[in-house]
Amino acid sequence: APDDVRIRAREALRDTICAYIERHLDSPHLTTEALLHEFGVSRATLYRMFQADRGVRAYISERRTMRAVMELSTKATLRGQISRVAEKWGYSSLPNFNRTVKNMFGVSPKSLFGHPIGQNGPSQREPVFENFVNAHLMPPAPNGATA
């Protein structure tokens, strides 16, 4: 029973840390060190909590990438929009963001959302992002039903 209490406490702390991360994803000051200071846990404990996510830094990076991609998916595709969103979510360069998105989704951000607009108006968005969300992020329908 004592192990059960400790496990539940550790899971509750991880949930609290994850909620904190979500609230501060847009802050450049969100670092492992900031989390250690904020929650008073040891580096080893923090790393153990996020071991399944390839570490706390990888978890933060993945969440930032997802937020950036979600933001891009809700905005009109404008020239320079990908660069602005990448910078907002903490990417130091567009090639770094492109590489990260390609590793996560298998395609570049430009492929997910179509090409930037030219003088003739906005381009048609490719359904790649919506297909990815439907295939990987949406829960399966109960009893094999389709949506």
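The values are calculated or read from the model by the stated rules, or taken from the named source; none is laboratory data. None of the values given here were measured: they were computed from a predicted structure. We place every Cβ from the backbone using ideal geometry, glycine too, and count neighbours over all the protein chains shown. Protein only, heavy atoms only, side chains kept; ligands, DNA and RNA dropped before computing areas. Shrake-Rupley method; radii C 1.70, N 1.55, O 1.52, S 1.80 Å.
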| If you take the residues of the range 8-22 that are out of contact with any helix residue (DSSP H, G or I) (no Cβ under 9 Å at 6 or more places or on another chain) and either open to solvent by less than 80 Å² (accessible area, probe 1.4 Å) or not in a helix (DSSP H, G or I) (or both), which of them is nearest to Arg63 (Cα to Cα)? | Ala19
| request: Would you mind stating whether Arg99 is among the basic types (Lys, Arg), surrounded by 14 or more Cβ atoms within 10 Å (Cβ to Cβ) and out of contact with any Cys (no Cβ under 7 Å at 6 or more places or on another chain)? | output: no
| query | Of the numbered conditions (1) among the charged types (D, E, K, R); (2) under 13 Å from the mean Cα position of the chain (by Cα); (3) at pLDDT below 90, Arg64 satisfies every one except a single condition; which is it? | reply | (3)
| query | Inside the range 42-89, can you point out the residues that are open to solvent by 30 Å² or more (accessible area, probe 1.4 Å), in contact with a Leu (Cβ under 8 Å, 6 or more places away or on another chain) and within 28 Å of Leu13 (Cα to Cα)? | reply | Ser42, Arg43, Arg63, Arg64, Arg67
